[in-house]
Amino acid sequence: MPPYWAIGVGAGLAGALLFLTAGVGSPILGLPLFFAALPVFLAGLGWGSRSALIASVTGFVVLSSTSSFTAGLVFLVADGLAVAWLVHLALLHHTETAPRLTPADAARLARKGETAEAETAAPEEDKESKEPAVTEWYPAGALAVWTALIAVGVLVVSGLSTMAMGVEGGLEGALRILLAEDLIEGRAIEAGLRELGLSADPERILSLIVIALPAFVVMAWSLLTLGNMWLAQVILERSGHNLRPTPTLLDIEYPPFLLALFLSALILSLIPGSAAQLGGAIMIALLVPYFLLGLAVIHAISRAWTARIALLGVFYVLLIFTGWLIVPVCLIGLAEPWAALRARFAQSEAPTGKEIS
């Protein structure tokens, strides 16, 4: 059996076991669920996309046999095939001869602490032998965009499927049917409000949950998927099994069509009816790449801070435990294509007499 087969099967079993922790009924014991995609990423980024695909199918078979077909299908889509596709993209690359560095590029590399050979005054016939081959990997920004597009695709398919099945209210109506028994008939909302000392209509609370749930799910899935991908890459690089170098967050760029999609989703969210919920969820999914871009800008700006590590630590603690910082970070990411804050910061950091492009 080739190594990627054994690794893929083992990763699928591990992913299925992590996924099964969702049914333990405890928030703490159920935390491993959030890392169900990690073994699939480890298999793919370390042993190839075929290994990730084998892990996806293995996890589906195990969960379908031991739990339910629905659990297997959710794993296959969310933690299997989507992960395998991202791994396939991440491993795409091409190698070409490195171009000669411009003075601006040389200044940037010098500021980053990297080295580059001086190629000025070299004879034309010697340039090819002195220019090293450079491998260009699939961009990290494109991987973030693909993650958002996968989430959008699942949302659109879910919405269209519920409408095709004749469910009143589309995706919102289907969620209401699924949640009403536990939250309303089971009096879960009423009990929660009583514990908090609040008084509200349980039906209104259910409506808010139904509206917000798709947006929350796609946002959480996107962030967890990208987080697991980064964690797998770090583990593999430390162990020497990584097939590609770890991409840097600071240099991510997005294609212009992403903003057009975001604005289209924003317009859709303003249309009354079930389209508003779908548009709002799509808009949140497309905000995740801009959230990462906002973090990249903050990390670039933080280079000038005296106590950089400590201040970034405080920032992330506030981000995780308050949540409201997500909004300004997303706004910074949305503004970055026009404001070019990273480029302006690099310009201000350049040594005297040097120009950063």
- Query: All but one of (1) closer than 24 Å to Pro247 by Cβ; (2) at pLDDT below 80; (3) surrounded by fewer than 16 Cβ atoms within 10 Å (Cβ to Cβ) hold for Glu125; which doesn't?
  - Reply: (1)
- Failed item in (1) surrounded by fewer than 23 Cβ atoms within 10 Å (Cβ to Cβ); (2) under 23 Å from Ile150 (Cβ atoms); (3) of a type in the set (Gly, Ala, Ser); (4) at pLDDT 95 or above, with Gly10 passing the rest: (2)
- Screening Ile150, Ile205 for residues that are modelled with pLDDT under 85, in a helix (DSSP H, G or I) and within 28 Å of Met283 (Cβ to Cβ) leaves only Ile205
- Tabulated pairs, the stretch 147-173, first among the β-branched types (Val, Ile, Thr), second outside any helix (DSSP H, G or I), C-beta under 9 angstrom, 6+ apart or interchain: Thr162/Gly169
- Query: Which residues, counting only those in the stretch 286-340, are without any contact (Cβ under 8 Å) to a residue 40 or more places away in the chain and touching a Lys or Arg at 6+ places or on another chain (Cβ under 6 Å)?
  - Reply: Ser302
- Note on the structure: The residue that is farthest from Asp251 (Cα to Cα), considering only those in the stretch 304-344 that are in a loop (DSSP other than H, G, I, E, B) and of a type in the set (Phe, Trp, Tyr), is Trp324
- Look at the stretch 317-357 and say how many of its residues are over 27 Å from Leu266 (Cα atoms) and either surrounded by 12 or more Cβ atoms within 10 Å (Cβ to Cβ) or modelled with pLDDT under 85 (or both). 16
- When the stretch 55-70 is checked residue by residue, the ones that are surrounded by fewer than 21 Cβ atoms within 10 Å (Cβ to Cβ) and either more than 20 Å from Trp85 (Cα to Cα) or in contact with a Ser or Thr (Cβ under 7 Å, 6 or more places away or on another chain) (or both) are Ser64, Ser65, Thr66, Ser67, Ser68, Phe69, Thr70
- Answer with yes or no whether Thr246 is more than 24 Å from Val218 (Cα to Cα), without any contact (Cβ under 8 Å) to a residue 24 or more places away in the chain, touching an Asp or Glu at 6+ places or on another chain (Cβ under 9 Å) and surrounded by fewer than 21 Cβ atoms within 10 Å (Cβ to Cβ). yes
- Answer yes or no: is there a residue in the stretch 270-287 that is at pLDDT below 85, assigned to a helix (DSSP H, G or I) and exposed (fewer than 12 other Cβ atoms within 10 Å of the Cβ). no
- Taking the stretch 171-186 and the residues there that are more than 23 Å from Leu160 (Cβ to Cβ) and surrounded by 15 or more Cβ atoms within 10 Å (Cβ to Cβ), the one that is modelled with the lowest pLDDT would be Ile184
- Matching residues in the stretch 72-118 (in a helix (DSSP H, G or I), modelled with pLDDT under 60 and surrounded by 16 or more Cβ atoms within 10 Å (Cβ to Cβ)) number 1
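The values are calculated or read from the model by the stated rules, or taken from the named source; none is laboratory data. This one's a predicted model, so the numbers in the text were calculated from it and none came from an experiment. All Cβ positions, even for glycine, are placed from backbone atoms using ideal geometry, and neighbour counts span all protein chains on display.
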